[in-house]
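Report on one structure; see the data block that follows.
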Amino acid sequence: MRNINIDSFVKMADKLRKPYHANYYAMYSSVYGGIVTDPVLMLVPIDDHMVHRGDGIFEVFKCVNGGIYNMDAHMKRLTRAAQALSFRLPGGIEDIKLKVIETVKTGNHHDCCIHLYLSRGPGSFSVNPYECPETQLYIVVTALGKPFMELHPEGARIKTSSVVSKPAFYAGVKSCNYLPNVLMKKEAVESGVDFVLSFDDRGCLAEGATENAGIVTRNSELLFPNLDCILAGTTMLRLLELAEKLVESGDLKSSRFADIPRKAVYDAAELLIVGTTPNVAAAREFDGEPVGDGKPGPICKKLGELLENDISSNKELLTSVSNWS
């Protein structure tokens, strides 16, 4: 074992590169005070409380065809979480948005995924938040995956998770303490399904590992779980707005939040998974039984088309990243 200093680190940098680094485009770090594009330099201090205590919050959103989608909704949720945990927004929200745009531009990919982290900051290895002198901001731009249904047009296999849903406060704050979510995804992979869903202590539908879920009832109501037990997903909230077009056309009777008992999920005509990464995904199977006729349903398809059109052409929700290099 040898001691490593700055000079020896630079010399060994090429040996630290991994194949998956090709998916990492750029990172802004308030520790550095700038942007790096070499993945080897995309580092966070080990004494940052986000690292060793999960004491941080984050947002994930995307840029499609050079336009960042629905950034204001993510910034509003970030602000609410920061207030709940007494985090300062370094430079203010408008400055953070400018840093997001500049980091995306530096990454130089018109289609990308944006990961924004606000941490309590470095300063100690204790649990005491007051030992961190200042909040830190990290923005990482990575490759954007394809929506779920584009990769799996037959629909998703879903099962009930054995992981208990989070208490209301922790569900509502998008913190970096994501151990339950990690265990849910681990369970899905090991079970050979695409997603797992948690239920609350009343037996009502909660959410997935990183996704919201909802149902279309047999009498054509679109229902998502009440917000007191889940994270208020930006895609879910936008879909409820877009769903009003289907109510007006008569495809849906209504769209709303509600308590959704497990029996209602089993009896649903459609079961939907929604989120920044999957967009709108249809379940073909839940707990080993077919959902509806075992195929993606018409409401899922129509909602997916509405969302994709919104992402590509709704100028009110798109932040343009101009002057690409």
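Taking GluC sites (Glu not before Pro) across region 66-146, the ones in a DSSP loop with at most 14 further Cβ atoms lying within 10 angstrom of their Cβ are 134. For the chain, excluding the exposed loop sites themselves (trypsin sites (Lys or Arg not before Pro), DSSP loop, at most 15 other Cβ atoms within 10 Å), the longest remaining stretch covers 89-201.
In whole percents, the pair-distance distribution calculated for region 149-312 from its alpha-carbon pairs, binned every 10 Å from zero, is 11, 44, 37, 8, 0. Applying a DSSP loop filter and a limit of 16 other Cβ atoms within 10 Å to the GluC sites (Glu not before Pro) in region 227-325 leaves nothing. Does the chain come out rounded, prolate or oblate, given a ≥ b ≥ c as the square roots of the eigenvalues of its C-alpha gyration tensor, rounded meaning a/c under 1.5 and, failing that, prolate meaning a/b above b/c? Since a/c reaches 1.5 and a/b is larger than b/c, the shape of the chain is classed as prolate.
For residue 17 and residue 85, a Förster radius of 41 Å and the Cβ-Cβ distance give a FRET efficiency of 0.70, rounded to the nearest 0.05. Distance from the C-alpha centroid of region 87-139 to that of region 59-78: 14 Å, rounded to the whole angstrom. The residue 51 and residue 150 beta-carbon pair, evaluated with R₀ = 41 Å, returns a calculated FRET efficiency of approximately 0.75. Note on region 180-236 and region 4-58: Cα centroid distance 32 Å, given to the nearest whole angstrom. Beta bridges per DSSP, both residues in the chain: antiparallel share near 80 percent.
Applying 1/(1 + (r/R0)^6) with R0 = 30 Å to the Cβ-Cβ distance of residue 305 and residue 262 gives a FRET efficiency near 0.50.
Every number in this text was worked out from the coordinates using simple rules, so none of it is lab data. Please read these numbers as outputs of a predicted model, since none were measured by experiment. We place every Cβ from the backbone using ideal geometry, glycine too, and count neighbours over all the protein chains shown.
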